[in-house]
Amino acid sequence: MSVISYRQALHDALRSELLRDEDVLLIGEEIGVFEGSYKITAGLLAEFGPKRVRDTPIAEEGFTGAAIGAAMVGLRPVVEIMTINFSLLALDQIVNHAAKIYGMFGGQARVPLVIHTPGGGGQQLGATHSQNIELYYAFVPGMKVVAPATPADAKALMLAAIRDDDPVLVLENLALYNTTGEVPDDIAPAEIGRAAVTREGTDITVVAYSRMAVVALQAADVLAAEGVQVEVVDLRSLRPLDRDTIVASVKKTNCAVTLEDDWLTYGIGAEIAATISDGAFDWLDAPVRRVAMAEVPMPYAKSLEAAALPSVDDAVAAIRETLDAVARRR
């Protein structure tokens, strides 16, 4: 067991897969000589050479399309896009090609492609560099979307994504790169599509993913001091979504709050709330409450950016309001 950072966990997963499988290669802007904008690929060009760690022009549509073609003929490319905001430039390649090829051509070709990219605010990077638009990709059949919250999950889910025969988006969060945690030295690939109950509780379920799964645990710690037992479900995967784990938890606690870093309207939390309504409506003692960021383009000013993003205090307040609603109904 080692204590390493989230960014180191991603680096270690990439390195181990480059060593394990000669068909794995890395593609992206500044990932070689510069060692990546976030240093996830540090040292890999020197170790594996330019054939397998390939710097690209600033042309997301072009290098994503090239990676799709490489995947179709048997390679396993891992594309680094500098931020998820820039993936919009490759949206046609991802949505109309990577996600569709296997189905459109009757299984004659697969696309074992990984795209990993960070999103999220809090870094004062402005509205066009601070978005959480994973919903765009989680919406699309043919894609898999994972969102690790911890270093251990970052490594395990990256390993799983690279070995998967379908296109997988590995969603990172800028605020998580420097976080640390225990990672087993012999960690196995995770099961894509399986959520984790990261804290057991009996009073209320909180469902979250990525950075907000960390916030959920912090909120649970605050409320534990008051005698409230919060159960935290970390989705880990947005497509496929582990509906069974969500529903089982709500059947145990009888109420739920969702936390997400994206916008409330049409957000991931809406899908979770619908899942709970479909699978656990008769067990609910209060409506599902959703916590998300403000419905605005991300402000640049630090104080406004902090106000726009959901916080531990926001999560605690929503949990208390939900439990108050439960108490009034009983």
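The values are calculated or read from the model by the stated rules, or taken from the named source; none is laboratory data. All values reported here derive from a predicted model rather than from experimental measurement. Reconstructed Cβ throughout: ideal geometry from the backbone, glycine too, with neighbour counts over all protein chains shown. Each accessible area value is taken on the protein alone, full model and side chains, heavy atoms only, with ligands, DNA and RNA left out. Shrake-Rupley method; radii C 1.70, N 1.55, O 1.52, S 1.80 Å.
Which of Ala154, Ala196, Ala98 ends up with the largest GNM mean-square fluctuation for the chain, with Cα atoms connected below 10 Å?
Most flexible of the set in this elastic network: Ala196.
Only bridges whose two residues both fall in the chain count here: according to DSSP, what percent of them are antiparallel, nearest 5?
Numbers: 9 of 41 bridges.
Antiparallel bridges: around 20 percent, rounded to the nearest 5.
With N denoting the number of residues in region 283-330, provide Rg(C-alpha) divided by 2.2 N^0.38 Å, to two decimal places.
1.47
In a GNM of the chain with a 10 Å cut-off on Cα contacts, which of Gly120, Gly103, Gly65 has the highest mean-square fluctuation?
Maximum among the listed residues: Gly103.
How about region 231-330: which GluC sites (Glu not before Pro) there are in a DSSP loop, with at most 10 other Cβ atoms within 10 Å of their Cβ?
Working: sites: Glu231, Glu260, Glu271, Glu295, Glu305, Glu321; in loops: Glu295.
Qualifying residues, ordered by number: Glu295.
Work out the FRET efficiency for Asp285 and Glu182 from their Cβ-Cβ distance, taking R0 = 41 Å, and round it to the nearest 0.05.
After rounding, the FRET efficiency stands at 0.70.
Can you send over the solvent-accessible area of Thr202, 1.4 Å probe, protein chains only, in Å² to the nearest 10?
Roll a 1.4 Å probe over it and Thr202 shows about 90 Å².
As a test of understanding, state the convex hull volume per residue of region 1-69 from its alpha carbons, in Å³. Don't jump to the answer; show the numbers that get you there.
Working: hull volume 6.8 nm³, N = 69.
Per residue, the Cα convex hull of region 1-69 comes to 98 Å³.
Where is the GNM fluctuation largest for the chain (alpha-carbon springs, 10 angstrom cutoff): Ser87, Ser130, Ser16?
Most flexible of the set in this elastic network: Ser16.
Given R₀ = 30 Å, FRET efficiency for Ala317-Asp278 by Cβ-Cβ distance, to 0.05?
Numbers: r = 27 Å, r/R0 = 0.90.
Once rounded, the FRET efficiency stands at 0.65.
Which length gain, in nm to one decimal place, applies between Ala301 and Phe34 when the Cα-Cα distance is subtracted from 0.36 nm times their residue separation?
Values: separation 267, 0.36 × 267 = 96.12 nm, distance 2.93 nm.
Taking 0.36 nm per residue and subtracting the Cα distance, the gain is 93.2 nm.
Out of every Cα-Cα pair in region 177-330, what percent are more than 23 Å apart? Intermediate values should be presented prior to the final figure.
On the way: 4216 of 11781 pairs.
Pairs farther apart than 23 Å: 36 percent.
What's the extension gain from Leu264 to Ala59 if we count 0.36 nm per residue and subtract their Cα-Cα distance? Write down the numbers at each step before the final one.
On the way: separation 205, 0.36 × 205 = 73.80 nm, distance 3.12 nm.
Between Leu264 and Ala59, full extension yields 70.7 nm more.
Evaluate the charge dipole of region 180-297 about its Cα centre and quote only its size in Debye, nearest 20, assuming +1 on the Cβ of each Lys and Arg and -1 on the Cβ of each Asp and Glu.
In total the dipole reaches around 240 debye.
Roughly what percent of Cα-Cα pairs across region 58-109 reach past 18 Å?
Values: 373 of 1326 pairs.
That fraction is 28 percent.
Considering Cα pairs under 8 angstrom that are at least six residues apart, work out the relative contact order of region 1-156 and quote it in whole percent. Before the final figure, lay out the partial values.
Details: 235 pairs, mean separation 37.4, N = 156.
Contact order relative to length: 24 percent.
Can you list the residues, at least 5 places off or on another chain, whose amide H is less than 5 Å from the amide H of Thr258, using H built in the peptide plane?
The answer is Val207, Arg289, Arg290, Val291.
Can you tell me the 0 to 90 degree angle between the C-alpha axis of helix 60-72 and the longest principal axis of the chain, rounded to 10?
On a 0 to 90 degree scale, this one is about 80.
Run the simple label-point estimate for Val95 and Leu19 please: 7 Å along Cα→C-beta, distance reported in nm.
4.0 nm
Of Tyr266, Tyr136, Tyr209, which has the most accessible area and how do the rest follow, probe 1.4 Å?
Numbers: Tyr266 185, Tyr136 105, Tyr209 10 Å².
So, going from the largest accessible area down, we get Tyr266, Tyr136, Tyr209.
Given the whole protein assembly as supplied and a 1.4 Å probe, what does the accessible area of Ser37 come to in Å², nearest 10?
40 Å²
In nm, give the distance between the simple-model label positions of Glu226 and Gln124, each being 7 Å from the Cα along the Cα-to-Cβ direction.
Placing both labels 7 Å along Cα→Cβ, they lie 3.3 nm apart.
Quick check for me: using +1 on Lys/Arg Cβ and -1 on Asp/Glu Cβ, what's the dipole size of the chain about its Cα centre, in debye to the nearest 20?
Values: 28 positive and 45 negative charges, 60 e Å.
With only Lys, Arg, Asp and Glu charged at Cβ, the dipole is about 280 debye.
Quantify, in whole percent, the carbon and sulfur part of the accessible surface of region 128-241 (1.4 Å probe; protein heavy atoms only).
Working: 1970 of 3900 Å².
Carbon with sulfur: 51 percent of the solvent-accessible area.
Taking R0 as 56 Å, what FRET efficiency do you get between Val3 and Ala325 from their Cβ-Cβ distance, rounded to the nearest 0.05?
Numbers: r = 40 Å, r/R0 = 0.72.
Efficiency, from the Cβ-Cβ distance: 0.90.
Below 8 Å between Cα atoms, with a sequence gap of 6+, how large is the relative contact order for region 155-270 in percent? Provide the component values of the computation, followed by the final result.
On the way: 180 pairs, mean separation 32.3, N = 116.
Reported relative contact order: 28 percent.
Please compute P(r) over all alpha-carbon pairs of region 165-253, binned at 10 Å starting from zero, and give each bin as a whole-number percent.
Going from the shortest bin to the longest, the percentages are 15, 43, 34, 8, 1.
Based on C-alpha coordinates, I'd like the Rg and Dmax of the chain, in Å.
Considering the chain through its Cα atoms, Rg and Dmax are 19.8, 65 Å.
Relative contact order for the chain using alpha-carbon pairs under 8 Å, separation at least 6, rounded to a whole percent? Intermediate values should be presented prior to the final figure.
On the way: 736 pairs, mean separation 51.7, N = 330.
Answer for the chain is 16 percent.
For Leu25, enumerate residues with amide H under 5 Å from its amide H, sequence gap 5+ or separate chain, H modeled in the peptide plane.
Sorted by chain and number, the residues that satisfy this are Arg76, Val78.
How large is ³J(HN,Hα) for each residue in region 26-39, as worked out from phi by the Karplus curve 6.51 cos²θ - 1.76 cosθ + 1.60 (θ = phi - 60°), to whole Hz, x for Gly and Pro?
10, 9, x, 6, 6, 7, x, 4, 7, 6, x, 4, 10, 6
So what does Trp263 come to for accessible area, using a 1.4 Å probe and Å² rounded to 10?
Looks like 80 Å² after rounding.
Gap in Å between the Cα centre of region 237-300 and the Cα centre of region 168-208?
17 Å
Local charge sum around Ala98 (other residues, Cβ-Cβ under 15 Å, Lys/Arg +1, Asp/Glu -1)? Could the numbers behind the result be given before it?
Values: positive: Arg76, Lys100, Arg110, Lys144, Arg239; negative: Glu60, Glu61, Asp92, Asp164, Asp165, Asp166.
With Lys, Arg at +1 and Asp, Glu at -1, the net is -1.
Whole-Hz ³J(HN,Hα) for each residue in region 159-168, computed from phi via Karplus 6.51 cos²θ - 1.76 cosθ + 1.60 with θ = phi - 60°, x for glycine and proline: what do you get?
After applying 6.51 cos²θ - 1.76 cosθ + 1.60, I find 4, 5, 5, 5, 8, 6, 8, 10, x, 10 Hz.
For helix 211-224, what angle does its Cα long axis make with the longest principal axis of the chain, in degrees from 0 to 90 and rounded to 10?
30 degrees
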